[in-house]
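The values are calculated or read from the model by the stated rules, or taken from the named source; none is laboratory data. These numbers were taken from a predicted model, which means no experiment stands behind them. All Cβ positions, even for glycine, are placed from backbone atoms using ideal geometry, and neighbour counts span all protein chains on display. The accessibility values were calculated without ligands, DNA or RNA, using every heavy atom of the protein model including side chains. Shrake-Rupley method; radii C 1.70, N 1.55, O 1.52, S 1.80 Å.
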Amino acid sequence: MPMPWFLLSLALGRSPVVLSLERLEGLQDAARCSPGLSCHLWDGDVVCLPGSIVSAPGPVLVPTSLQTELVRRCYQETDCDLCVRVAVHLAVHGHWEKPEDEEKLGRAADPEPEEPRNASLQAQVVLSFQAYPTARCVLLEVQVPAALVQPGQSVGSVVFDCFEAALGTEVQIWSYTQPRYQKELNLTRQLPALPWLSVTADGDNVHLVLDVSEEQSFGLSLYWNQVQGPVKPWWHRNLVWPLEPDSVRTSICPFTEDPRAHRNLWRAARLQLLPPRGWRLDAPCSLHAQATLCWQAPGRGPCQPLVPPLPRENVTVNMALEFPLLKGHPNLCVQVSSWEKLQLQECLWADSLGPLKDDMLLVEARGPQDNRSFCALEPSGCTPLLSRASTRAARLGEQLLQDLHSGQCLQLWDDDLGALWACPMDKYIHQRWVLVWLACLLFAAALFLLFLLKKDHVKGWLRLLKEDIRAGAAARGRAALLLYSADDAGFERLVGALASALCQVPLRVAVDLWSRRELSAQGPLAWFHAQRRRTVQEGGLVVLIFSPGAVALCREWLQDAGPAPGAHGPHDAFAASLSCVLPDFLQGRAPGRYVGAYFDGLLHADAVPALFRAVPVFPLPSQLPAFLGSLQGPRGPRLGERAEQVARALQPALDSCLRPPGTAGMGRGMGPEAGDRT
């Protein structure tokens, strides 16, 4: 069964119930004795030197038997170790010796009993404990009052808490007095042993193997470990019998270091906006993560972290956090990283405040004596205003400062060290277009003048101009983002042929095959984020091209297993994009944004996962007219001739993929369009 990151706990007991142990608090050893006796435990361990047996000068205390008991020594609420409690039973050994002068005088026997000659007995009792790899010796002082001193009679016991030991080990205990009056007592015990446990993962399945002897009885429990630190499970399933809270147990977390478990965990994590300026990372388990705000410019590469001036904060999952902001902005996004790797990125205000804006973010730095400096955040870094750099911010530096001082910029953040301002750039874009239109009018007037002077020659120029306008319209066609799995070189050539043919429809095609430089600089996940956002905002479509490799990756993600390490190359945008594509289909946002396609002969229609059939899925080239009509939209031109051209362009590459291995030729290239398009 697919199993997420969990905690396995085993409990051992005596059939038919579980062994329940007394709980001891603290780290200090302790000693106590029977009523009437007094005892004292020496500080620290002593050296075990039994010495030779000597004769008792009179009644002495000697150990007569040893008794052990398992207890738990706990340092915190649930942090406990197994410990062995030892009880030493004592008795009086020997008699009082009569003085020599009484024996010589031969005193007459007194009918009255003779009183004891001492007030009490005192003894030093040694306990020696060995359990590989531990060895200890402790010294107990015991005193017995005269009233309890009866030769040959038991006087009580002294109890020591306790010797720590591990489950399944053999312990040996000796006891004797100093000086030693008899042979030392010894006791050997085998502590309870837990079953041997092995956990292995094989694809989607997790195998739990137990090696249990016939004499053992145990309980097995599966836990979700919700938080780090002491185990406080919020989900529990007992597989054998009810477990008592204080039973002997051991625990293992077999998936703590498993990268697949971490991928499953991040796949289940979500960023959620909490109005007005709060947010929360929802995840089923605790995560080691840090979050920062970033600025996402429309169509200008990856989101740029705002660190500094804003701090990078540690994230506590399922807890509301506040943005250190004055106002929200659609270009402000949240990046969540784990161990320096970007895991999640969401522009949380994009839904409530609209699409990304072409605003310039100004960073204000404040120094001593009210000294202030400004720079503009651009893809190349933070460009100082009024500098001589050849960037848009440097060229418009004076105008941006005037906008800031006149109150046209929105203040997003402010503290003693600086501030962040978002300045709109719409009017500068409009001014640029005014100049462009003026140039066009002048150019049109010049053409008209030439037409009057050289009518015949101008007709030929107009014909060429008409062709150029058509080419320009093709370049401004509807956007299409192609996502595919690079199964092999032949399939990549087939996708390249399709992309090149779609450019002639006309469509504005984006495919990772033409963006190797951007993929290397940004990474597949960031590249897909930027391309998907641009395509959706411009009303285009994302095309999922299914192949055997793509179907296998989709099934792995749908079954919460994740792709195995090394399953895709560093430029495979399809594998990186599934973390964002799947939520669109699961939450019903895919229709109108996605279409699917597969190639005849390479994949059967039933192989496409059912989840992706929520959008149209076209076999190519058999349904090319319908596929092209879906990409062009309802207002697109007639595509009969275009469909035939695309089919002719696809057929050689498709035939090459359908040939048996070893018989296919070199295959033709992807044309000049297959270069590095940016």
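Which of the residues that make up the range 267-296 are part of a loop (DSSP other than H, G, I, E, B), closer than 29 Å to Leu377 by Cα and at pLDDT 85 or above?
Hits for the range 267-296 are Ala289, Gln296.
So which of Pro506, Pro563, Pro570 is open to solvent by 40 Å² or more (accessible area, probe 1.4 Å), modelled with pLDDT under 85, of a type outside the set (A, V, I, L, M) and assigned to a loop (DSSP other than H, G, I, E, B)?
Pro570
Leu353: aliphatic (A, V, I, L, M), modelled with pLDDT under 85 and under 34 Å from the mean Cα position of the chain (by Cα), yes or no?
So Leu353 passes the test.
When the range 514-560 is examined, which residues are found to be in a helix (DSSP H, G or I), of a type in the set (S, T, N, Q) and surrounded by 20 or more Cβ atoms within 10 Å (Cβ to Cβ)?
Gln531, Thr535
I'd like the residue in the range 141-158 that is surrounded by fewer than 16 Cβ atoms within 10 Å (Cβ to Cβ) and of a type in the set (Gly, Ala, Ser) and, out of all such residues, is nearest to Pro57 (Cα to Cα).
Gly152
For the range 79-92, which positions are at pLDDT below 85 and surrounded by fewer than 19 Cβ atoms within 10 Å (Cβ to Cβ)?
Selection gives Asp79, Asp81.
So which residues in the range 474-497 are at pLDDT 85 or above and more than 16 Å from Cys657 (Cβ to Cβ)?
Across the range 474-497, the qualifying residues are Arg478, Ala479, Ala480, Leu481, Leu482, Leu483.
Residues checked against (1) at pLDDT below 85; (2) surrounded by 18 or more Cβ atoms within 10 Å (Cβ to Cβ); (3) within 22 Å of Leu631 (Cβ to Cβ):
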site	(1), (2), (3)
Ala419	no, yes, no
Lys427	yes, no, no
Ala445	yes, no, no
Lys454	yes, no, no
Gly472	yes, no, yes
Ala499	no, yes, yes
Asp512	no, yes, yes
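For Leu400, state whether it is within 15 Å of Lys427 (Cβ to Cβ) and open to solvent by less than 70 Å² (accessible area, probe 1.4 Å).
The answer is yes for Leu400.
For the range 254-264, does any single residue satisfy the condition of being under 22 Å from His529 (Cα atoms), surrounded by fewer than 17 Cβ atoms within 10 Å (Cβ to Cβ) and in contact (Cβ under 8 Å) with a residue 40 or more places away in the chain?
no
Is one or more of the residues making up the range 34-41 on the phi > 0 side of the Ramachandran plot and not in a strand (DSSP E or B)?
yes
Against the definition (open to solvent by 60 Å² or more (accessible area, probe 1.4 Å), more than 23 Å from Gln67 (Cα to Cα) and modelled with pLDDT of 65 or more), how does Thr200 come out, yes or no?
Yes, satisfied.
Among the residues of the range 354-363, is any open to solvent by 50 Å² or more (accessible area, probe 1.4 Å), without any contact (Cβ under 8 Å) to a residue 24 or more places away in the chain, under 30 Å from Leu386 (Cβ atoms) and not small (Gly, Ala, Ser)?
At the first step, the residues of the range 354-363 found to be open to solvent by 50 Å² or more (accessible area, probe 1.4 Å) are 355, 357.
With the extra rule that they be without any contact (Cβ under 8 Å) to a residue 24 or more places away in the chain, the set shrinks to none.
Among the residues of the range 354-363, not one is open to solvent by 50 Å² or more (accessible area, probe 1.4 Å), without any contact (Cβ under 8 Å) to a residue 24 or more places away in the chain, under 30 Å from Leu386 (Cβ atoms) and not small (Gly, Ala, Ser), which makes the answer no.
Listed here are the residues, each with its yes/no results for (1) of a type in the set (A, V, I, L, M, F, W, C); (2) loosely packed, with under 12 Cβ neighbours inside 10 Å; (3) at pLDDT below 90.
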{"site": "Arg117", "(1), (2), (3)": "no, no, yes"}
{"site": "Leu121", "(1), (2), (3)": "yes, no, yes"}
{"site": "Ser128", "(1), (2), (3)": "no, no, no"}
{"site": "Tyr132", "(1), (2), (3)": "no, yes, yes"}
{"site": "Leu139", "(1), (2), (3)": "yes, no, no"}
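Could you list, in sequence order, the residues of the range 587-598 that are surrounded by 12 or more Cβ atoms within 10 Å (Cβ to Cβ) and not basic (Lys, Arg)?
Result: Ala590, Pro591, Tyr594, Val595, Gly596, Ala597, Tyr598.
Exactly one condition in (1) over 23 Å from the mean Cα position of the chain (by Cα); (2) among the small types (Gly, Ala, Ser); (3) not in a loop (DSSP other than H, G, I, E, B) is not met by Gly299; state its number.
Looking at each condition in turn, Gly299 falls short on (3).
Applying the selection to the range 573-582, what residues are open to solvent by 20 Å² or more (accessible area, probe 1.4 Å) and modelled with pLDDT of 80 or more?
Ser579, Cys580 - these are the residues of the range 573-582 that are open to solvent by 20 Å² or more (accessible area, probe 1.4 Å) and modelled with pLDDT of 80 or more.
Scan the range 602-625 for residues that are among the aromatic types (Phe, Trp, Tyr) and either in a strand (DSSP E or B) or open to solvent by 40 Å² or more (accessible area, probe 1.4 Å) (or both) and report the count.
Counting residues in the range 602-625 that are among the aromatic types (Phe, Trp, Tyr) and either in a strand (DSSP E or B) or open to solvent by 40 Å² or more (accessible area, probe 1.4 Å) (or both) gives 1.
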